[in-house]
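Remarks on the structure that follows.
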Amino acid sequence: MSIAPPQKHGPPSEPPRERRIALFGGTFDPIHIGHLAVARAAERRFHLDEIHFIPTGRPPHKHRRDMAAYADRYAMVALACADHPRFIASLAESGAGHSGKETFYSVDTVRHFKQKFPGVHLYFLLGADSFLDIPTWKDYETLLGLCDFIVASRPGFKSDTLRLVIPPELFARRGATHAPLDPRAIALRRTAIYVLDTVSSHVSATDVRHRLDTNESIHGLVPPRVEEYIKKQALYR
């Protein structure tokens, strides 16, 4: 009669950590060091596996006639992401033929990514000023329930201000089991809103465009590859 050898029982294996992806949309006209600083801060704090930079085609709220062509804005995003392995330039809102002539809404873009990456913890990354305008977005109440939000604050910004634009019925009940541990986070019924204190950056795309229009230097305001691209393509002049 044979006796089976004793089985070796090692330490229980930990379940694999869920992937974490953030969506960072905008006109990126052009992308600048402030955008990258926000992304890096979010990457560190939330242990993000990927951040998808999504240049919008025709933005619903701030379309300008003098906006750089979609192809140029996407190219600059791709150049800015090239040295960051977790940063991805996305064509999600490029439209038919990657023309950039269509209008996309965030609620539809988030749904697209949820279908593309099932089981992934999805975040929507944006600035505080943009979040305060969220009631003007298409189906914003639905959007707030689709994924978590990371709101990049600015110096002096009071996070309680964010609550003012959220419909009361969307807040989670007290003692909800899924409430985040972060005391500054805002718990909603299905999701949460986190405040990200970023490095102070006074750079804006408007300032970069103005400097270029007046033949001033933009050195240090945009990544070096982006600066080189702008000069070669003679953008914003």
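The values are calculated or read from the model by the stated rules, or taken from the named source; none is laboratory data. These numbers come from a predicted model, not from an experiment. Cβ coordinates were reconstructed from backbone atoms using ideal geometry, including for glycine residues, and neighbour counts include every protein chain displayed.
Among the residues of region 107-125, count how many are buried (at least 17 other Cβ atoms within 10 Å of the Cβ) and either closer than 21 Å to ALA205 by Cα or basic (Lys, Arg) (or both).
2
Quick check: is even one residue across region 4-19 in a helix (DSSP H, G or I) and modelled with pLDDT of 95 or more?
Of region 4-19, the ones in a helix (DSSP H, G or I) are none.
There is no residue in region 4-19 that is in a helix (DSSP H, G or I) and modelled with pLDDT of 95 or more.
So, PRO59, is that one touching a residue at least 40 places away in the same chain (Cβ under 8 Å), assigned to a loop (DSSP other than H, G, I, E, B) and of a type outside the set (A, V, I, L, M) or not?
So PRO59 fits the description; yes.
Would you say HIS52 is under 26 Å from PRO135 (Cα atoms), in a helix (DSSP H, G or I) and touching a residue at least 40 places away in the same chain (Cβ under 8 Å)?
In short, no.
Looking at (1) farther than 17 Å from ALA185 by Cβ; (2) surrounded by fewer than 21 Cβ atoms within 10 Å (Cβ to Cβ); (3) touching a residue at least 60 places away in the same chain (Cβ under 8 Å), which one does ALA80 not meet, given that it meets all the others?
Here ALA80 clears every test but (2).
What are the residues in region 113-151 that are modelled with pLDDT under 95 and touching a strand residue (DSSP E or B) at 6+ places or on another chain (Cβ under 7 Å), if any?
GLY127, ALA128
For region 178-237, which positions are assigned to a helix (DSSP H, G or I) and crowded, with 18+ Cβ neighbours inside 10 Å?
Once the filter is applied, which keeps residues that are assigned to a helix (DSSP H, G or I) and crowded, with 18+ Cβ neighbours inside 10 Å, region 178-237 yields ALA205, VAL208, ARG209, LEU212, VAL226, GLU227, TYR229, ILE230.
Suppose the filter is closer than 25 Å to VAL226 by Cα and touching a Gly at 6+ places or on another chain (Cβ under 8 Å); does GLU50 pass it?
Taking the combined requirement at face value, the residue does not satisfy it.
Just give me the residues in region 62-78 being in contact with an Asp or Glu (Cβ under 8 Å, 6 or more places away or on another chain) and either hydroxyl-bearing (Ser, Thr, Tyr) or assigned to a helix (DSSP H, G or I) (or both), in sequence order.
ARG73
Which residue is modelled with the highest pLDDT, if the candidates are limited to region 83-101 and must be exposed (fewer than 14 other Cβ atoms within 10 Å of the Cβ) and more than 17 Å from the chain's Cα centre (by Cα)?
Step by step, filter region 83-101, then rank; the result is ASP83.
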